[in-house]
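> Sending over a structure as structure tokens; questions will come in a sec.
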Amino acid sequence: MNVLVWGENRHEQVEPHVREIYPDGMHETIAAGIAENLPDAKISTTTLDEPEHGLTEEVLAQTDVLVWWGHAAHGEVDDKVVDRVYQHVLSGMGLVVLHSGHWSKIFGKLMGTTCTLRWRSERDRELVWTVNPTHPIAQGVPHPIVIEQQEMYGEFFDIPVPDELIFVSSFSGGEVFRSGCTFRRGHGKIFYFSPGDQDYPVYHHKDVRKVIANGVQWARTDLPKRALPTLLRYETDDFFNGHGYTGPIEEPADA
């Protein structure tokens, strides 16, 4: 399995306290957590400042699951790259969106909503409660996961109703949040997981790392070939051979 961890890598460059927590960048810490839980996976990283943000057609074509973390520079992500990632998700590439990636261009495009929420960064304790204990993403993690210091995310979270709700978080201020949920778009599977922030060492937390790795493993699809869902016309009694179809109105031959 080829996994690509995409990180914005801006806070680490300009904020000493973030660099102290994540000296190699959050993307490298996230990748290390996946590697320790999925030792057979091939894991690489890339960042916003790479040419085409490191998300070229060739790279995405070889990526089974893309993990996305962004926060301060969502607007700097090129729309052409967003469209490219979008097409690959619809064609079967898995996507794991973390924390403030809820406001990324790619997540908003896939959800079709504002993806806004309420927040507060005051060192809240977060408890991540498993509400779907039989789901593969919930395997091997405690109930609840205890995160002693974290940014608060709270409802209302403007996302479509998830296909599956796996985790719900509660915070020391009393707020609750749908912190782990899945969606399917086209042939692609998407997992959103909110714990994790540049100001706190959450991506060093072994249980958070386990959940992210589980999400990566779940998001991989087993299609023999990556392709967009296609509109085809089928003849009566022929269930297997579809034909190309452009639309109900045909252009005149002399047009």
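The values are calculated or read from the model by the stated rules, or taken from the named source; none is laboratory data. Everything quoted here is computed from the prediction, not taken from an experiment. Glycine gets a Cβ as well: all are built from the backbone with ideal geometry, and neighbour counts include every protein chain shown. SASA here: full protein model, heavy atoms, side chains in, ligands and nucleic acids out. Shrake-Rupley method; radii C 1.70, N 1.55, O 1.52, S 1.80 Å.
> Given R₀ = 41 Å, what would the calculated FRET efficiency be for F239 paired with E164, taking r from the Cβ atoms and rounding to 0.05?
Between F239 and E164 the formula returns 0.85.
> Would you mind calculating the relative contact order of the chain from Cα pairs under 8 angstrom and at least 6 residues apart, reporting the percent as a whole number?
Computed value for the chain: 21 percent relative contact order.
> Are there GluC sites (Glu not before Pro) in segment 150-216 that DSSP marks as loop and that have at most 13 other Cβ atoms within 10 Å, and which are they?
Working: sites: E151, E155, E164, E175; in loops: E155, E175.
Those satisfying the criteria are E155.
> Follow-up. Label segment 4-116 by shape, choosing from rounded, prolate and oblate, from the square roots a ≥ b ≥ c of the eigenvalues of the Cα gyration tensor; if a/c is under 1.5 it is rounded, and otherwise prolate applies when a/b is larger than b/c, oblate when it is not.
Since a/c reaches 1.5 but b/c is at least a/b, the shape of segment 4-116 is classed as oblate.
> Go ahead and estimate [θ] at 222 nm for the chain from helices alone: -39,500 (n - 2.57) per DSSP H run with n ≥ 4, summed, over the residue count, rounded to 500.
Value at 222 nm, helices only, nearest 500: -6500 deg cm²/dmol.
> Taking semi-axes √(5λ) of the Cα gyration tensor in Å as the quantity of interest, determine which of [x] 35, 21, 18; [y] 30, 21, 20; [z] 36, 32, 18 was computed from the displayed structure.
Answer label, from the structure shown: [x].
> Please report the carbon-and-sulfur percent of the accessible area for the chain; probe 1.4 Å, protein heavy atoms only, DNA, RNA and ligands left out.
Carbon plus sulfur share of accessible area: 51 percent.
> Long-range amide H contacts for I166: which residues qualify at under 5 Å (H placed 1.01 Å from N, peptide plane, sequence gap of 5 or more or a different chain)?
Under 5 Å from the amide H of I166 lie the amide H atoms of G180, C181, T182, each far enough along the sequence or on another chain.
> Across the chain, how many lysine pairs, 8 or more apart or on two chains, come within less than 22 Å at their alpha-carbon atoms?
For the chain, qualifying lysine pairs total 11.
> Would you please classify the overall shape of segment 167-211 from the alpha carbon gyration tensor, given that a ≥ b ≥ c denote the square roots of the eigenvalues, rounded means a/c under 1.5, and beyond that prolate means a/b larger than b/c while oblate covers the rest?
Taking the square roots of the gyration eigenvalues as a ≥ b ≥ c, segment 167-211 is oblate.
> Within 10 Å of each candidate Cβ there may be at most 12 other Cβ atoms; applying that plus a DSSP loop requirement, which chymotrypsin sites (Phe, Trp or Tyr not before Pro) in segment 122-213 survive?
In loop regions of segment 122-213 (DSSP not H, G, I, E or B), the sparsely surrounded chymotrypsin sites (Phe, Trp or Tyr not before Pro) are F156.
> While we're on this one: Given the chain, what percent of its DSSP beta bridges are antiparallel, to the nearest 5?
Close to 60 percent.
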